[in-house]
Amino acid sequence: MKKLLFAILAAASGVAAFSLFAGNSNPVLTRVKPELVCMVNDKFMGSPQIPVRIGKETYYGCCQGCVAALTNDPKSRMAVDPVGKQKVDKAKAVIGKDAAGKVYYFKSLKELLAYGAGKALGGSTQAGSTSGKAK
């Protein structure tokens with residue numbers, strides 16, 4: 001019942017497709033759309049950000065300074081998946097946010113779910129689509 005109520009509230013706010021209820025030390029995460037995240041500050045902003053197209057990928061920044069960082073610094077476009085410890089392109093990542101608005105980038109939905117369950121995964125998985133859209 002608690003999960004259903006939270007999912008309804010999240011859907012009503014337009015924030016997420018689902019939430020994870022972690023029974024471990026990891027924060028509870030809500031999946032979010034990439035365009036609602038500043039990928040330089042790694043923060044959920046709650047409204048559409050400035051798109052930055054680089055090659056076939058789209059990144060998002062909150063201001064012209066972040067747009068410049070994404071454009072000029074390839075490191076700003078990468079993160080480390082907290083489960084698989086692999087580098088992940090932020091435009092291809094599955095993104096989850098905690099209650100404070102900090103975002104976490106995952107190689108796949110499988111890693112996001114494992115993080116919520118407090119489990120480690122072996123091997124690598126694919127991120128899926130490269131469109132920058134939430135998966």
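We did not get these values from a lab; they are worked out from the coordinates using the rules stated. Owing to the predicted nature of the structure, the values given are computational and were not obtained by experimental measurement.
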### Phi to ³J(HN,Hα) by Karplus 6.51 cos²θ - 1.76 cosθ + 1.60 over region 96-109, Hz, x for Gly, Pro
x, 10, 9, 4, 8, x, 6, 10, 10, 10, 10, 5, 7, 4
### Query
Quick one: Cα centre-to-centre distance for region 68-102 and region 29-64, in angstrom?
10
### Task
Mind scanning LYS56/LYS97; LYS33/LYS56; LYS33/LYS90; LYS56/LYS85 and naming the pairs with a C-alpha gap bigger than 21 Å?
LYS56/LYS97; LYS56/LYS85
### Query
How far, in nm, would the chain grow between GLN86 and LYS110 when pulled straight, counting 0.36 nm per residue and subtracting the alpha carbon separation?
7.3 nm
### Task
Amide H neighbours of SER108 under 5 Å, at least 5 residues apart or on other chains, H built in the peptide plane: list them.
VAL94
## Note on the structure
Counting sequence-distant residues (5 or more places) and residues on other chains, those with an amide H built under 5 Å from that of VAL40 are CYS62
